[in-house]
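As C-alpha cells, the structure follows; a few thoughts come after it.
The values are calculated or read from the model by the stated rules, or taken from the named source; none is laboratory data. Treat the numbers as computed from the prediction; the structure is a model and nothing was measured. Here the Cβ positions follow ideal geometry from the backbone for every residue, glycine too, while neighbour counts run over all protein chains shown.
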Amino acid sequence: MSAKPSSLRFSAKAQGALGWALAAAALVGGWWAYGAPGVALAVTVVVFWLLLQFSQAMRTLRIASQRPVGLVPSAVMLNARLHPGLRLPQVLRLTLSLGRRVSGTPGEEEVLVWADEAGHEVQVTMVAGRVQQWQLQRAEAPAEPQAPT
C-alpha cells in the first residue's frame with residue numbers, strides 16, 4: 001500500500017491533447033469575451049506558460065549537468081520514489097544527475113544506472129522516455145574482520 005495519495009495520470013498523448021485544447025479554449029474564450037484584446041491576452045498567457053515549462057526543463061538539465069554522472073545520495077531512496085510511467089525529466093529532478101547509460105538507444109528501450117557512495121545501484125529501463133521498470137542492486141556487504149584469538 002502506498003502512503004502517497006493517488007493522483008489522476010494521463011498518457012503523454014492525452015496530456016498533449018489537453019494542453020492544446022486548453023490553449024484553444026483560452027483563444028476562443030478571449031475572443032468571445034473581449035475580442036482582439038482577449039485573443040492577445042490568451043496568446044500572452046499561453047506563451048508565458050510555454051516559457052515557464054522551458055525554463056524548468058533548462059534548470060533541471062543545468063543542475064544535472066553540474067553533478068557527477070550516475071551518482072545519487074541514496075539509491076535506496078531513489079528506488080522507493082520511482083514508479084512506472086515517470087518521464088525522464090521527472091527522474092532527473094529526483095536524482096539531480098544524469099544517469100550512466102548501460103545499453104539501448106534514446107527513443108527506444110534504454111537502461112540507465114544511478115549508484116550511491118555505498119555501491120548500491122538502481123537500474124532503470126526506460127521506453128520512449130518513460131520508466132518501464134527498475135531494479136535495486138545492493139552492494140555486497142564487506143566481510144567483517146575476525147578478531148584475533
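A quick yes/no check of all residues on (1) over 18 Å from the mean Cα position of the chain (by Cα); (2) in a loop (DSSP other than H, G, I, E, B); (3) in the same structural domain as Gly19 (by TED's automatic domain parsing):
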| site | (1), (2), (3) |
| --- | --- |
| Gly38 | yes, no, yes |
| Leu41 | yes, no, yes |
| Val76 | no, no, no |
| Pro89 | no, no, no |
| Leu92 | no, no, no |
| Leu98 | no, yes, no |
| Arg101 | no, no, no |
| Met126 | no, no, no |
| Val131 | no, no, no |
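Consider the stretch 103-129 and keep the residues that are at pLDDT below 90 and either closer than 24 Å to Pro73 by Cα or touching a helix residue (DSSP H, G or I) at 6+ places or on another chain (Cβ under 7 Å) (or both). The one that is surrounded by the most Cβ atoms within 10 Å (Cβ to Cβ) is Gly129. Looking across Ala57, Ala75, Ala40, one residue alone is surrounded by 11 or more Cβ atoms within 10 Å (Cβ to Cβ) and in contact with a His (Cβ under 6 Å, 6 or more places away or on another chain). It is Ala75. Can you find a residue that is surrounded by 13 or more Cβ atoms within 10 Å (Cβ to Cβ), within 25 Å of Phe10 (Cα to Cα) and of a type in the set (Lys, Arg) anywhere in the stretch 62-71? No, the stretch 62-71 has no match at all. Candidates are the residues of the stretch 86-102 that are of a type in the set (A, V, I, L, M) and more than 23 Å from Ser11 (Cα to Cα); the one that is surrounded by the most Cβ atoms within 10 Å (Cβ to Cβ) is Leu98.
Residue-level check: of (1) on the phi < 0 side of the Ramachandran plot; (2) touching a residue at least 40 places away in the same chain (Cβ under 8 Å), Gly129 misses just (1).
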